[in-house]
Amino acid sequence: MESFAYLPPFGGMFKKTSPFYAESYWYCMGGITFLMFVYLTLSGILLAWLGPFWWLTSPVGKAMKGSHYWAAQAFFFFLVLHLIRVWATGAFRGRRWLNWLLGSAVLLLGLGENLFGLLARGDWESQFVAMHSDDMLFVQPYFFSLFSPANFTASLAIHVAVIPVILFGLIMAHLTLVRLQGIARPL
Ligand code: HEM
């Protein structure tokens with residue numbers, strides 16, 4: 001596979017060439033996951049900016065909400081393929097254990113972000129889930145005093161302004177480590 005990174009005007013921009021064993025679609029899965037994260041951020045900013053009334057009623061808003069949802073599905077799809085590639089080529093060994101750990105944190109936090117996204121959607125299904133999880137958490141006084149799933153504003157704030165910021169930091173640290181350590185030789 002010829003990488004676009006070697007062709008003008010991109011050639012030389014990355015100041016690094018990838019090793020021959022990384023010239024495979026399997027090694028693109030992390031990059032595609034990152035592209036999904038970028039799209040989720042941009043569409044998410046637009047959704048949060050124009051608000052729930054827009055994304056629940058206007059045709060363009062509904063389409064944007066739908067594309068945000070499907071980008072989230074694609075994010076997890078490519079993330080799991082990336083995980084399989086890293087595991088199958090043994091790329092988690094040695095000093096790369098730290099990047100494996102960072103990746104695991106991204107995966108777990110991403111699943112949390114997904115849950116808060118469901119609570120923050122505000123449509124009927126979202127309200128149904130919010131009320132039922134509220135009922136369930138109500139019998140767990142400690143957690144209930146921390147957070148109530150039926151609190152739409154809190155769910156939206158966590159989904160928009162708390163978890164994505166942490167995710168962004170973790171992903172940047174992950175990519176920096178890949179740059180510093182290079183791509184592992186396969187087993
Ligand atoms: C938002 C999620 C993630 C993004 C954007 C991401 C991105 C990347 C990218 C671009 C690379 C370079 C090589 C490649 O793409 O195959 C990479 C390598 C790596 N990733 Fe991820 N990753 C994510 C999640 C994970 C997860 C869940 C794990 C494991 C639990 C993980 C573990 C690793 C390891 C160990 C490497 C080094 C592989 C090597 O040196 O060959 N990553 N990641």
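Brief remarks on what is shown
- Debye intensity ratio in log₁₀ form over the Cα atoms of the chain, taken at each q of 0.08, 0.10, 0.19 Å⁻¹: -0.34, -0.51, -1.27
- Computed from Cα atoms, the angle from the helix 29-57 axis to the main principal axis of the chain rounds to 20 degrees.
- Nearest-ten-degree value, helix 97-120 long axis tilted from longest Cα axis of the chain: 30
- In order along region 68-83, the phi-based Karplus estimate (6.51 cos²θ - 1.76 cosθ + 1.60, θ = phi - 60°) of 3J(HN,Hα) comes to 5, 4, 5, 5, 5, 4, 5, 3, 5, 4, 6, 5, 5, 4, 4, 4 Hz; Gly and Pro are listed as x.
- Global geometry of region 88-187, whether rounded, prolate or oblate, following the gyration tensor of its Cα atoms and the 1.5 cut on a/c: prolate
- A straight line joining the Cα centroids of region 45-88 and region 143-179 runs 15 Å.
- Over the chain: helical MRE at 222 nm, DSSP H runs n ≥ 4 each giving -39500 (n - 2.57), nearest 500: -23500 deg cm²/dmol
- Karplus (6.51, -1.76, 1.60) ³J(HN,Hα), θ = phi - 60°, over region 150-160, in Hz, Gly and Pro reported as x: 7, 7, 4, 4, 5, 4, 4, 5, 5, 5, 9
Just so you know, all these numbers are worked out from the coordinates, no wet-lab data involved. Every value quoted in this text rests on a predicted model; they were computed, and no experiment measured them.
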